[in-house]
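S.K.: Pasting a structure here, questions to come.
The values are calculated or read from the model by the stated rules, or taken from the named source; none is laboratory data. On a predicted model such as this, the values are computed, not experimentally measured, just so you know. Using ideal geometry, Cβ is built from the backbone for each residue, glycine included, and neighbour counts are taken over all protein chains shown. SASA here: full protein model, heavy atoms, side chains in, ligands and nucleic acids out. Shrake-Rupley method; radii C 1.70, N 1.55, O 1.52, S 1.80 Å.
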Amino acid sequence: MASFALGQRSYGEVYEQIYRQHPELRYVGFYRLFNEPAILVRDQRLVREVLVGSSFLNCADNAVNVDAQRDVLATCNPFIASGDRWRILRADLVPLFTPSRLRQTLPHVAAACQQLQEFVGRRLTGERFEAKALATRYTLQVIASAVFGLDAHCLCYDEDQEKGSQWLQRLLPLFQPSAWSLLETIALLHSSRLANILQHRYVPLSLQDWLCALVRARSGANNFLHWLGDKQGEQGDLAGHATTLLLEGYETSAMLLAFALYELSRNESAQRRVQTELEEVAQRHGGLLVGHAALAELRYAEAALLETLRLHPAMQALQKRCTKSFTLPPQRSDTDTAVGSHGSIQVALGTVLVLPVQAIHMDPNLYSDPLKFQPERFMDTSPMGCRFLGFGAGPRMCPGMRLGLAQTKAALVTLLRDYSFSLADQAQDPVQVSPLTFLTASKHGIWLQLQKR
Ligand code: HEM
């Protein structure tokens, strides 16, 4: 793990190496940073057992270090909360993501897609552009509107109008790789002591007051805060939930959109297939793509997004903490029948269990030709289960999955309807992943070119 601490390899790569080195084992004991003993789970049945099955309750908490005093808004995030508090916070949010709420959210997505189309038409044509920055403008526009009922001014075709956008100024740089982001990742995942020294905050101090002001400025009725506000009296909780919806809602989808454009740029036939599909669907729906029925019919586009997430998962590993000691079967499956339960181990309280998402997604026993971009893999089979962990699995699985996929798919087909995309230079093939961030990011950006169709 030293290479991760030195900023040489991402944590996903480190875990992938451990995973590959022990093909005969169900799980591997190793030391995380600061000599902390941990268990990397390899076997699919055990992965399922930990995330979904009877062991879930023994390791339900995410292994993250967040200080409740310093980071009041972050403690309302189910990803960070533990025990009963997690259950309550998650139960508040889940009703926002029912199919009927998703339909009610689509007008926000459709409006942002129209702005995206105008923005690209006026400000990008003919130029090289950085896809992640464009994607972030779009997802911020959707989330500002869908969560708060506000216009973030992130996709103005008039540059002067956009200058005042606090959203861009405050949130565009937030997840960018830097030496500081590496320290923050180490503090978040490995060391509460380092977190205290750095005074690390999951929600930066500079954002906290601004977020509370946004909650006060919210407007309109057809948005998440309005739906939450109906049953939530406390301003504190509402600001906490707003923070969760904003921070969880924009970065992961922006990353997915940028990487999908990247993969389609280097896989022309897949790009053409998305375009053919969207034309057929548009024809069936009077030219409209961003509606509930049309989006549901864009199956290849959705498969392309899932395949993108397989290759570039937002979280390269899920890390859970044992909250109640439990037993794992013997490390080697061939010892089961020979010696009964001899060799099983007792997982000690506090031990971190690593579910190595990237390693699983790249395992040739689970995906043939794993380096190849093949959306067809997800056309006929359900992506769920534990060989695909792009959204996690089980009771802690991402509740925003459907919204994340819908907003990303809507933008993808809006862009591909008018333009074809290609890599701006071949040096970024394959793209390099930054070793400095918790959420996956490219090291030097994703530079593309577009051509009017
Ligand atoms: C493509 C977009 C997205 C991706 C790839 C993604 C991925 C993930 C992953 C991997 C987790 C961790 C699951 C686990 O611990 O097992 C997660 C959790 C979560 N996500 Fe997402 N997410 C996306 C979009 C969203 C959106 C749009 C929202 C809300 C607006 C959201 C809200 C959450 C929340 C609240 C959690 C914590 C759940 C819990 O611990 O109970 N996500 N997401």
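S.K.: Where in the chain are the DSSP H helices whose C-alpha atoms run 30 Å or more along the long axis and whose mean Kyte hydropathy is at least -1.0?
M.R.: 99-123, 235-266
S.K.: How are the C-alpha pair distances of segment 305-453 spread across 10 Å bins, as whole percents from the shortest bin up?
M.R.: Answer for segment 305-453: a P(r) of 9, 27, 34, 18, 8, 4, 0 percent.
S.K.: Still on this structure, please answer the following. Calculate the translational D of segment 220-311 in whole µm² s⁻¹ from Stokes-Einstein, where the hydrodynamic radius comes from the Kirkwood formula applied to all Cα pairs, the temperature is 4 °C and the viscosity 1.567 mPa s.
M.R.: Using the Kirkwood radius from Cα pairs, D works out to 82 µm²/s.
S.K.: Any number yet on Rg/Rh for segment 194-347, C-alpha, Kirkwood?
M.R.: Here Rg/Rh amounts to 1.13.
S.K.: Suppose only helical runs count, i.e. DSSP H with n ≥ 4. What mean residue ellipticity at 222 nm does that imply for the chain under -39500 (n - 2.57) per run, divided by all residues and rounded to the nearest 500 deg cm²/dmol?
M.R.: The per-residue figure over the chain is -14500 deg cm²/dmol.
S.K.: Another one. Between Trp210 and Arg332, what's the calculated FRET efficiency when r is the beta-carbon distance and R0 is 56 Å? Round to 0.05.
M.R.: According to the calculation, E is roughly 0.55.
S.K.: If you count only protein heavy atoms with a 1.4 Å probe, what accessible area per residue comes out for the chain, rounded to a whole Å²?
M.R.: 42 Å²
S.K.: Sticking with this structure for a sec: How large a share of the accessible area of the chain, in percent, is made up of carbon and sulfur atoms when the probe is 1.4 Å and the other protein chains stay in place?
M.R.: The nonpolar share, carbon plus sulfur, comes to 52 percent.
S.K.: So for the chain, what are the equivalent ellipsoid semi-axes in whole Å, largest first, each being the square root of 5 times an eigenvalue of the Cα gyration tensor?
M.R.: The equivalent ellipsoid of the chain has semi-axes of 35, 27, 21 Å.
S.K.: With Kirkwood's inverse mean 1/r over C-alpha pairs for Rh, give me the Rg to Rh ratio of segment 14-140, two decimals please.
M.R.: Result: Rg/Rh = 1.10.
S.K.: Considering only protein heavy atoms, with the full assembly of protein chains and a 1.4 angstrom probe, order Lys409, Lys132, Lys443 by accessible area, largest first.
M.R.: The ordering from most to least exposed comes out as Lys443, Lys132, Lys409.
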